[in-house]
Amino acid sequence: MTHNTSPYVVAIDGPSGSGKGSLALRVARELGFHLLDSGAIYRLLALKCLQQGIDLDDEDQVASQIEDFKIRFEVGEELSIPYLDDVDMTAELRREATGDAASQVARHPRVRERLLGLQRDFFRPPGLVADGRDMGTVVFPDAKFKFFLHASVEIRAQRRYKQLINMGLSANIPNLQADIAERDERDQNRSVSPLRPAEDALVVDSSLLDLAQVTNLVLSHIRENTG
Ligand code: C5P
């Protein structure tokens with residue numbers, strides 16, 4: 001693919017289970033761009049803290065883990081493999097408990113501050129699709145495109161259920177709904193970088209759209225607005 005425009009960022013934010021991860025991967029592949037899954041960074045940090053037996057409420061201890069934080073992603077066609085200290089963490093990464101621990105470490109201002117540079121380094125030519133909660137508001141406020149993906153708690157719980165079952169893990173929908181609602185509450189009400197759409201974001205409700213429809217909508221918007 002040839003790129004006539006200068007490198008730019010596509011920020012895709014939204015709550016867990018809104019489908020932004022799959023969307024970001026597809027958009028990145030279509031544009032031939034790099035991909036930042038910022039949630040995976042918080043998840044890997046949480047896993048590192050759990051391995052080290054660190055109290056997730058201890059901001060200083062959690063932040064100090066970033067000094068020697070060795071992570072990388074191998075991005076393939078359909079998925080991206082996360083490594084912590086050269087160990088494939090795919091299985092641990094997507095567990096509900098890991099998401100929950102990630103949202104606890106993500107509350108700490110010093111942790112978020114120290115992860116800024118690492119996240120911004122993902123922006124390299126020909127461009128970046130960045131997936132998270134604060135991509136358009138804090139990490140890449142100058143992103144050329146900002147999307148915010150919504151979906152109802154019920155729909156998100158059903159999607160998570162299917163994902164977990166497909167991964168061979170056990171799950172039940174009422175528990176997932178409660179977990180998602182609790183995580184939303186924590187992400188929306190934290191003092192730093194709360195989950196909210198950037199003022200200039202295009203808000204998309206994906207409750208009634210499938211992945212292909214949301215991907216088309218996002219790609220059409222990008223293509224109509226790039227030279
Ligand atoms: O997107 P994902 O579910 O993998 O993110 C896990 C947790 O990491 C979220 O619930 C959120 O608390 C935190 N997170 C964040 N900022 C981001 C991405 C994720 O606070 N940019």
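The values are calculated or read from the model by the stated rules, or taken from the named source; none is laboratory data. Bear in mind that the values here come from a model prediction, so they are computed numbers and not experimental data. Here Cβ is always computed from backbone atoms with ideal geometry, including for glycine, and neighbour counts include all displayed protein chains. Heads up: the accessible areas ignore ligands, DNA and RNA and are worked out on the full protein's heavy atoms, side chains in. Shrake-Rupley method; radii C 1.70, N 1.55, O 1.52, S 1.80 Å.
Quick check on segment 49-58: of everything there that is open to solvent by 40 Å² or more (accessible area, probe 1.4 Å) and not in a loop (DSSP other than H, G, I, E, B), which residue is nearest to Val111 (Cα to Cα)? Selected residue: Leu50.
Listed here are the residues, each with its yes/no results for (1) within 12 Å of the ligand (Cβ to nearest atom); (2) open to solvent by less than 70 Å² (accessible area, probe 1.4 Å); (3) within 21 Å of Gly136 (Cβ to Cβ); (4) at pLDDT below 95.
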site	(1), (2), (3), (4)
Pro7	no, yes, yes, no
Ser22	yes, yes, yes, yes
Glu67	no, no, no, yes
Leu79	no, no, no, yes
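Could you list, in sequence order, all residues of segment 24-43 that are closer than 17 Å to Ile222 by Cβ, within 14 Å of the ligand (Cβ to nearest atom) and open to solvent by 10 Å² or more (accessible area, probe 1.4 Å)?
Residues of segment 24-43 closer than 17 Å to Ile222 by Cβ: 24-36.
Still in the list and also within 14 Å of the ligand (Cβ to nearest atom): 24-25, 35-36.
Matches in segment 24-43: Leu25, Leu35.
Quick check, is Ala46 hydrophobic (A, V, I, L, M, F, W, C), in contact with a Lys or Arg (Cβ under 9 Å, 6 or more places away or on another chain) and either surrounded by 14 or more Cβ atoms within 10 Å (Cβ to Cβ) or not in a helix (DSSP H, G or I) (or both)? No.
Only one residue in Ser191, Ser220 is open to solvent by 50 Å² or more (accessible area, probe 1.4 Å) and within 16 Å of the ligand (Cβ to nearest atom), so which one is that? Ser191 is the lone residue from the list that is open to solvent by 50 Å² or more (accessible area, probe 1.4 Å) and within 16 Å of the ligand (Cβ to nearest atom).
Applying the selection to segment 194-217, what residues are part of a helix (DSSP H, G or I), open to solvent by 50 Å² or more (accessible area, probe 1.4 Å) and among the aliphatic types (A, V, I, L, M)? Full working, then the answer.
Here is the first cut: in segment 194-217, the residues part of a helix (DSSP H, G or I) are 211-217.
From the residues that got through so far, the ones that are open to solvent by 50 Å² or more (accessible area, probe 1.4 Å) too are 211, 213, 216-217.
Within segment 194-217, Leu211, Leu217 meet the criteria.
Having 2 or more residues that are farther than 13 Å from Tyr42 by Cα is the bar; report the helices (runs of 4 or more DSSP H) wholly within segment 68-187 that clear it.
Numbers: elements: 90-93, 96-105, 109-120, 153-166.
Helices (runs of 4 or more DSSP H) meeting the threshold: 90-93, 109-120, 153-166.
Against the test of being out of contact with any Cys (no Cβ under 6 Å at 6 or more places or on another chain), away from the ligand (no atom under 13 Å from the Cβ) and of a type in the set (Phe, Trp, Tyr), the options Phe147, Phe140, Phe122 yield a single qualifying residue, Phe147. Would you say Glu30 is over 18 Å from the mean Cα position of the chain (by Cα) and closer than 21 Å to Phe147 by Cα? Taking the combined requirement at face value, the residue satisfies it.
Taking residues in segment 94-122 that are closer than 21 Å to Ser16 by Cβ, and partners anywhere that are of a type in the set (Lys, Arg) and within 8 Å of the ligand (Cβ to nearest atom), the pairs with Cβ atoms closer than 6 Å and at least 6 places apart or on different chains are Thr98/Arg43; Ala102/Arg43; Ser103/Arg183; Ser103/Arg186; Arg107/Arg190.
Would you mind stating whether Leu36 is in contact with a strand residue (DSSP E or B) (Cβ under 6 Å, 6 or more places away or on another chain), in a helix (DSSP H, G or I) and in contact (Cβ under 8 Å) with a residue 12 or more places away in the chain? Outline the logic, then answer.
Working: in contact with a strand residue (DSSP E or B) (Cβ under 6 Å, 6 or more places away or on another chain): yes; in a helix (DSSP H, G or I): no; in contact (Cβ under 8 Å) with a residue 12 or more places away in the chain: yes.
No: the conditions fail for Leu36.
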